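Student: Sharing a structure with you now.
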Amino acid sequence: MQVSFYGHVRQYHNLKAEIDAAVLQVLESGQYVMGPALSRFEGELATYAGTKHAIGVGNGTDAIWLVLMSLGIGPGDEVITMPNTFFATAEAIWVAGAKAVFVDCDPKTKNIDPALIEAAITPRTKAIIPVHLYGQCAEMDKIAAIAKKHNLFVIEDNAQAIDAAGASFRIGELSDAVCTSFIIQKNLGTFGDGGAVMTNRDDILAGVKRLRNHGSTKRSVHSFGFNSRLDDLHAAILSVKLQHITAWSDRRREIAAMYTKALAGTNLELPYEMPGYRHVYHLYVIETEAAQRDAMLDFLVERGVDAKQHYPIAIHQQEGYPWGKEAEIVGSVANAEANAARCISLPMFPELTQDEIDYTIEQVLAWCKQNG
Ligand SMILES: *Cc1c(COP(=O)(O)O)cnc(C)c1O
């Protein structure tokens with residue numbers, strides 16, 4: 001049996017009639033950039049997220065640096081995040097011209113450890129970017145309290161956790177802005193690239209709207225800006241898919257529960273769910289002995305289970321780091337490094353069949369039995 005890591009085409013086939021109709025409608029409308037399909041999706045996304053505004057942008061990376069720039073964060077400023085995230089989180093800080101300051105993750109959740117943030121704050125610190133890694137919210141209540149005490153902005157990197165929630169907070173409730181990605185492999189993905197900013201702040205709305213469109217909000221009038229817009233075709237597709245996100249997250253949680261139950265007796269480290277949090281399992285990441293990790297991955301792939309790694313090289317371990325950019329690691333980042341050395345991601349998407357789930361479990365258990 002072959003179990004693939006993604007189910008993009010299955011998802012398309014399940015929604016083919018709706019998606020095809022939405023795409024054709026945009027094609028016939030003659031309005032493809034900053035048109036009505038984009039405005040409509042932005043309205044739907046803000047309503048869904050419970051934020052005052054949503055602004056479509058070119059991708060999730062741009063969403064982050066557009067927010068940083070709209071807040072005036074740039075050269076001379078420091079932004080705190082963690083090193084065990086997708087590369088783009090740090091990239092966006094550097095694009096804005098700021099210094100990336102890394103602190104370690106919590107050993108269980110793999111999200112930024114709030115207890116380490118204060119030691120990294122200096123007079124230059126302007127913002128914290130918690131990442132809701134793998135689909136589980138960072139501890140926003142603790143992070144927001146630190147930010148308030150030190151007068152810092154909080155920007156949520158929510159590329160992996162749309163539809164997640166904390167025990168006592170919603171995404172977007174305790175931050176200045178939420179940035180998300182709609183690249184196809186995210187939980188809410190279009191057939192290509194896309195991104196959005198969600199915010200309750202009118203100044204971020206105005207800043208991102210201006211910056212994404214050549215510094216212009218009025219025809220022929222410009223200030224410094226960029227081109228980073230969400231195309232109407234993608235917006236129309238995302239309007240269709242947004243209606244299914246809750247059901248998809250529920251299904252991801254159901255699959256995760258099956259994996260966790262079946263693998264509980266092994267010596268693998270399984271995903272840790274914070275009590276009361278809604279983890280939406282963008283990725284189901286297990287950890288094994290670093291010395292065995294690559295062999296386990298090969299074993300699974302040879303048996304047809306397309307497992308992967310997220311992320312086997314932490315940002316500060318990448319070759320050439322930091323490429324002449326400003327960066328600093330505060331304290332030990334041993335947990336992030338252990339995660340990079342130990343992680344394996346099992347297939348996780350809502351369209352997985354029961355046979356595929358059972359087969360994946362069977363192969364993981366077969367490995368554990370051989371290598372107990
Ligand atoms: C995917 C991702 C991004 C970047 O999104 P793009 O749309 O690919 O630019 C940023 N941060 C995290 C954590 C991601 O997973």
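The values are calculated or read from the model by the stated rules, or taken from the named source; none is laboratory data. Remember, it's a predicted structure, so these values are computed and weren't measured experimentally. Note that we place each Cβ from the backbone using ideal geometry, even for glycine, and neighbour counts take in every protein chain shown.
Student: Answer yes if at least one residue in the stretch 246-253 is among the small types (Gly, Ala, Ser) and not in a helix (DSSP H, G or I), and no otherwise.
Tutor: No, that holds for no residue.
Student: Take the residues in the stretch 178-188 that are more than 9 Å from the ligand (Cβ to nearest atom) and part of a loop (DSSP other than H, G, I, E, B), then tell me which one is nearest to GLN243 (Cα to Cα).
Tutor: LEU188
So that you can scan it fast, the table gives a plain yes or no per residue for (1) part of a loop (DSSP other than H, G, I, E, B); (2) more than 16 Å from ASN213 (Cβ to Cβ); (3) within 16 Å of the ligand (Cβ to nearest atom); (4) more than 21 Å from the chain's Cα centre (by Cα):
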site: TYR6; (1), (2), (3), (4): yes, yes, yes, no
site: TYR12; (1), (2), (3), (4): no, yes, no, yes
site: ALA17; (1), (2), (3), (4): no, yes, no, yes
site: MET34; (1), (2), (3), (4): yes, no, no, yes
site: ALA46; (1), (2), (3), (4): no, yes, no, no
site: THR61; (1), (2), (3), (4): no, yes, yes, no
site: VAL67; (1), (2), (3), (4): no, no, yes, no
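Student: In this structure, is ILE204 closer than 18 Å to SER70 by Cα and not in a strand (DSSP E or B)?
Tutor: yes
Student: Could you check the stretch 69-89 and list, in sequence order, the residues that are part of a loop (DSSP other than H, G, I, E, B) and either touching a helix residue (DSSP H, G or I) at 6+ places or on another chain (Cβ under 6 Å) or within 13 Å of the ligand (Cβ to nearest atom) (or both)?
Tutor: Within the stretch 69-89, MET82, PRO83, ASN84, THR85, PHE86, PHE87 meet the criteria.
Student: Can you pull out every residue in the stretch 122-145 that is more than 16 Å from the ligand (Cβ to nearest atom) and either buried (at least 24 other Cβ atoms within 10 Å of the Cβ) or closer than 30 Å to SER249 by Cα (or both)?
Tutor: GLU139, ASP141, LYS142, ALA144, ALA145, listed by residue number.
Student: Kindly list, by first and then second residue, each pair from a residue in the stretch 203-220 that is of a type in the set (A, V, I, L, M, F, W, C) to a residue that is in a helix (DSSP H, G or I), limited to pairs with Cβ atoms under 7 Å and residues at least 6 apart or on different chains.
Tutor: ILE204/VAL67; ILE204/SER70; VAL208/LEU66; VAL208/VAL67; VAL208/SER70; LEU211/LEU66; LEU211/MET69; LEU211/SER70
Student: Hey, any hits in the stretch 346-365 for a residue that's closer than 21 Å to ALA291 by Cβ and under 25 Å from the mean Cα position of the chain (by Cα)?
Tutor: Within the stretch 346-365, one or more residues are closer than 21 Å to ALA291 by Cβ and under 25 Å from the mean Cα position of the chain (by Cα).
Student: Let me ask something additional. Mind checking which pairs have a first residue in the stretch 117-136 that is touching a residue at least 60 places away in the same chain (Cβ under 8 Å) and a second that is among the hydroxyl-bearing types (Ser, Thr, Tyr) and more than 15 Å from the ligand (Cβ to nearest atom), Cβ under 7 Å, 6 or more apart or different chains?
Tutor: Hits for this filter: GLN136/TYR277.
Student: Examine the stretch 231-241 for a residue that is in a loop (DSSP other than H, G, I, E, B), within 16 Å of the ligand (Cβ to nearest atom) and crowded, with 18+ Cβ neighbours inside 10 Å, and state whether such a residue exists.
Tutor: Yes, there is a match, as at least one residue in the stretch 231-241 is in a loop (DSSP other than H, G, I, E, B), within 16 Å of the ligand (Cβ to nearest atom) and crowded, with 18+ Cβ neighbours inside 10 Å.
Student: Going residue by residue through the stretch 302-323, is there one that turns out to be among the small types (Gly, Ala, Ser), in a helix (DSSP H, G or I) and not assigned by TED's automatic domain parsing to the domain that holds LEU188?
Tutor: No, every residue in the stretch 302-323 fails to be among the small types (Gly, Ala, Ser), in a helix (DSSP H, G or I) and not assigned by TED's automatic domain parsing to the domain that holds LEU188.
Student: Condition (residue is in contact with a strand residue (DSSP E or B) (Cβ under 9 Å, 6 or more places away or on another chain) and of a type in the set (S, T, N, Q)) applied to the stretch 152-164: is it met by at least one residue?
Tutor: Yes, there is a match, as at least one residue in the stretch 152-164 is in contact with a strand residue (DSSP E or B) (Cβ under 9 Å, 6 or more places away or on another chain) and of a type in the set (S, T, N, Q).
Student: Mind telling me which of the residues LYS110, LYS126 ends up being within 27 Å of LEU283 (Cα to Cα) and assigned by TED's automatic domain parsing to the domain that holds ASP176?
Tutor: Every option except LYS110 fails the conditions.
Student: Which one of these is away from the ligand (no atom under 16 Å from the Cβ) and part of a helix (DSSP H, G or I): ALA92, ALA119?
Tutor: One residue alone meets the criteria, ALA119.
Student: List the number of the failed condition for ILE162; all other conditions in (1) of a type outside the set (Ser, Thr, Tyr); (2) touching a residue at least 40 places away in the same chain (Cβ under 8 Å); (3) assigned to a helix (DSSP H, G or I); (4) buried (at least 24 other Cβ atoms within 10 Å of the Cβ) hold.
Tutor: (3)
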